[in-house]
Amino acid sequence: MMSHISEICRIDSLSPYYNFPVTTDVLRLDLVHPFVSGNKWFKLKEYIGEAKHNNKETLLTFGGAFSNHIVATAAAAEINNFKSIGIIRGEVPVRLSPSLLDAQNFGMELFFTSREDYKHKKKPAAVYEKHDEEGIYMIPEGGYGIKGATGATSILQSNETRSYSHIISAVGTGTTLAGIVTAANHTQTVIGIPALKNAFSLKQEIENLLPEEKLQAFTLMHDYHFGGYAKHTEGLLQFMNELYSKTGIPTDFVYTGKAFYAAFDLLNKNYFTSMDRLLIIHTGGLQGNRSLKKGTLIFD
Ligand SMILES: *Cc1c(COP(=O)(O)O)cnc(C)c1O
C-alpha cells in the first residue's frame, strides 16, 4: 500500500542563487508525492470524490504512453482502493514505457487502441467483457474539465500565495491553469506556458472552465514549447542541469523545464517591474524524465 497523498508543500526562494530584478519564489508541488506528482493529485481529487460518492469500483481514463496523468490516476486509484483502467493511445508496444510499467505496478489494467479510436475516445469492447459498465467512473483525458479545475483551485490555497503579483505555470490541457486563475485574486496576473506547439485552441478550452469574470484574467505565451510536446533541445537540458546545480531544484523536460526557462527569460528581459513578485508553480512530473537517455540530466 502506498503512502497517503498530502497537500503540504513549500515555497522556495530563488534569491540566494540569482540576482533577479524582482522577488522570485517557487511553489514546490513536486514534493507532494513521488508518483501522484505535482498538479495531478489536485486535478484528480474531485473526480475521485465523486466516484466514491457514487459507489464506483473502477476509475477509467485515457492517455499516451508517457502520460503523467495515467501514472497519477493509477497511483491515486490504488491509494483510494479503486481498480483502474488505462486506455492507451496506439498499438501494443514491444516494450512498455517506464510510465506504463509504473501504472501497471499500481494495478492499472492497460488497453491499447488505434489512434483513430483513441481520437474518438472509443472504449475497446474488451473493457466491458471484463468489467461491469455500472461500476466504472470515467475521468476525462488529462483530467480536463470543471472538476479538474475545481480541484486545482486548492493549489494556491496550499500556501500563502496572495502576495505575488504574477504566477507562472506550465500548461498541457490548461485545467491546472484554469484552477489557478479561478483561485487568484483580481490583482494577480496568471501566465501559462504551453508545452505544446501552436496550441491556439487552448485559450478557448481554458475559458470554458472559467467563471465569467475571470475570462480575461490570464495570458498564454506560446514561444517556449522547444519544438512541441515532449520535444526538447540541448539548450533546454543544459538550462535544467544548471538550474539544478545552482538551486537543487529538479525539473522535467516536458513541462516544468520549459516553464522555468520562460520565467527566467521574462525576468532577464525585464518583463516585470520592480514592485512585482513572481511565483513559479513547480507542477511536478519528474518521473517523465526517465524516458531520456540515462546521464542526460545530472539528477534523476
Ligand atoms: C500534466 C502536467 C501539466 C499540465 O497540466 P494541465 O492541467 O493539463 O495543463 C503541467 N506540468 C506537469 C509536470 C504535468 O505533469
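See the values below:
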{"read-out": "A65 long-range amide H proximity, modeled H, under 5 Å", "value": "R89"}
{"read-out": "Fluctuation leader among L266, L60, L236 - the chain, Gaussian network, Cα springs under 10 angstrom", "value": "L266"}
{"read-out": "Interchain or long-range residues, amide H under 5 Å from L110's placed H", "value": "G86"}
{"read-out": "Segment 100-130 versus segment 189-263: alpha-carbon centroid distance in Å", "value": "28"}
{"read-out": "For the chain, with +1 on Lys and Arg beta carbons and -1 on Asp and Glu, the positive-most of Q238, G86, A262 along the dipole", "value": "Q238"}
{"read-out": "Sequence-distant residues sharing a close amide H with L60 (under 5 Å, placed H)", "value": "I85, Y137, M138, I139"}
{"read-out": "Considering only the chain, percent of DSSP beta bridges that pair antiparallel, nearest 5", "value": "10"}
{"read-out": "Net charge dipole size for segment 40-143 [Lys, Arg +1 and Asp, Glu -1 on Cβ; Debye, nearest 20]", "value": "320"}
{"read-out": "Proximal charge balance of G192 [Cβ under 14 Å; K/R count +1, D/E count -1]", "value": "0"}
{"read-out": "Accessible area (Å², 1.4 Å probe, nearest 10) - M221", "value": "30"}
{"read-out": "The chain: calculated mean residue ellipticity at 222 nm from DSSP helix runs of at least 4, using -39500 (n - 2.57)", "value": "-9500 deg cm²/dmol"}
{"read-out": "Relative contact order computed over segment 40-143 (Cα-Cα under 8 Å; 6+ residues apart), in percent", "value": "35"}
{"read-out": "Neighbourhood charge, 14 Å Cβ-Cβ cut-off, centred on R10 and excluding it, Lys, Arg +1 and Asp, Glu -1", "value": "-4"}
{"read-out": "Solvent-accessible area per residue, Å², over the chain with all protein chains present [probe radius 1.4 Å]", "value": "46"}
{"read-out": "DSSP beta bridge pairing in segment 40-143, given as percent antiparallel to the nearest 5", "value": "5"}
{"read-out": "Anchor K56: aspartates and glutamates whose Cα lies under 19 Å away (excluding residues fewer than 8 positions away in-chain)", "value": "E46, E78, E109, E129, D132, E133, E134, E141"}
{"read-out": "Relative contact order (percent, whole number), the chain, Cα cutoff 8 Å, 6+ residue spacing", "value": "22"}
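The values are calculated or read from the model by the stated rules, or taken from the named source; none is laboratory data. These numbers were taken from a predicted model, which means no experiment stands behind them. We place every Cβ from the backbone using ideal geometry, glycine too, and count neighbours over all the protein chains shown. What goes into the accessible areas is simple: the full protein's heavy atoms, side chains included, and nothing from ligands, DNA or RNA. Shrake-Rupley method; radii C 1.70, N 1.55, O 1.52, S 1.80 Å.
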